[in-house]
1. Length gain on complete extension for the stretch residue 15 to residue 33, per 0.36 nm per residue less the alpha carbon to alpha carbon distance?
2. Taking a probe of 1.4 Å, how large is the accessible area per residue of the chain, in Å²?
3. Provide the gained length on full extension for the span residue 183 to residue 225, in nm with one decimal, where the gain is 0.36 nm per separating residue minus the Cα-Cα distance.
4. Given a 1.4 Å probe and heavy atoms of the protein chains only, how would you sort 198, 81, largest accessible area at the top?
5. Suppose R0 equals 35 Å. What FRET efficiency, 1/(1 + (r/R0)^6) with r the Cβ-Cβ distance, do residue 159 and residue 26 give to the nearest 0.05?
6. Rounded to the nearest 20 Debye, what is the dipole magnitude of region 2-156 about its Cα centre when Lys and Arg each give +1 and Asp and Glu each give -1 at the C-beta?
7. Considering only Cα-Cα distances, which of the following residue pairs are longer than 28 Å: 181/221; 181/218; 26/71; 67/218; 71/239; 30/246?
8. Picking from 146, 62, 161, which is most flexible by a Gaussian network model of the chain using Cα springs under 10 Å?
Amino acid sequence: MSKSVDLPPKGGFSFDLCRRNEMLEKKGLKAPTFLKTGTTIVGLVFQDGIILGADTRATEGPIVADKNCEKIHYMAPNIYCCGAGTAADTEAVTDMVSSQLQLHRYHTGRESRVVTALTLLKRHLFNYQGHVSAALVLGGVDVTGPHLHTIYPHGSTDTLPFATMGSGSLAAMSVFESKYKENLTKDEGIKLVVEAICAGIFNDLGSGSNVDVCVITKGHKEYLRNHLLPNPRTYVNPKGFTFPKKTGVVVP
């Protein structure tokens, strides 16, 4: 009678590394921190298309790691996506799906549809059961009209006329729920998006710095980088800053 050998289970996810990390933390090893975008991201439907907005602060625990990061990611010429959560995850997942959409356009010779991007993103996030920490607001205009979706890290989605995500989402949603109306003009939509982002910037510690806006209409997009700078430096030392020369022992 042959001796049975323990074989690893086939298929599915392996959480061996999660158990290893848990064991190491119990033994006193401090896990490395990762960059999070804190974030207020929003989107709304206006009479001609979609307007997306985002703040520009990236945090690493209590530290502001980047004052002017980009949170509105390119997906296709007619589709953009705002990302909240772990910065590396939002960058990686949007870049991956963007390249898949490009290959799909090469293969079909047609413009990408927003629902295609939505399906690719939600399937990827669902497969990882929330371990990919990316909360997204996806917006675009295709042959079927304007579309706005939110995608949660576990893969669930919503389709709404206005949406907010991130740590400042409640402050932004309070602006939308009190002031949003159908058939907004472009200028009214941009003004409302900027007000919602500013609500997140001034009421949420994870959000801050500047306001980015992206306006998507049929056959055209307008990316307004640093559209508003509500936090200018109030004091700059006119003499500049001087630092002592580095001292140390040079070992030959």
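1. Details: separation 18, 0.36 × 18 = 6.48 nm, distance 2.00 nm.
Result for the pair: 4.5 nm of gain on full extension.
2. Numbers: 15370 Å² over 252 residues.
Per-residue value: 61 Å².
3. Working: separation 42, 0.36 × 42 = 15.12 nm, distance 2.46 nm.
The span from residue 183 to residue 225 would gain 12.7 nm if fully extended.
4. Details: 198 25, 81 0 Å².
Sorted descending by solvent-accessible area, the residues read 198, 81.
5. Working: r = 43 Å, r/R0 = 1.23.
The formula returns an efficiency of 0.20 here.
6. Values: 16 positive and 14 negative charges, 113 e Å.
The dipole of region 2-156 has a size of about 540 debye.
7. Working: 181/221 22 Å; 181/218 21 Å; 26/71 35 Å; 67/218 32 Å; 71/239 34 Å; 30/246 31 Å.
Where the Cα-Cα span goes over 28 Å, the pairs concerned are 26/71; 67/218; 71/239; 30/246.
8. 62
The values are calculated or read from the model by the stated rules, or taken from the named source; none is laboratory data. It should be emphasised that the depicted structure is a prediction, and the values quoted were computed from it without experimental measurement. No Cβ is skipped: glycine too gets one built from the backbone with ideal geometry, and neighbour counts run over all protein chains shown. What goes into the accessible areas is simple: the full protein's heavy atoms, side chains included, and nothing from ligands, DNA or RNA. Shrake-Rupley method; radii C 1.70, N 1.55, O 1.52, S 1.80 Å.
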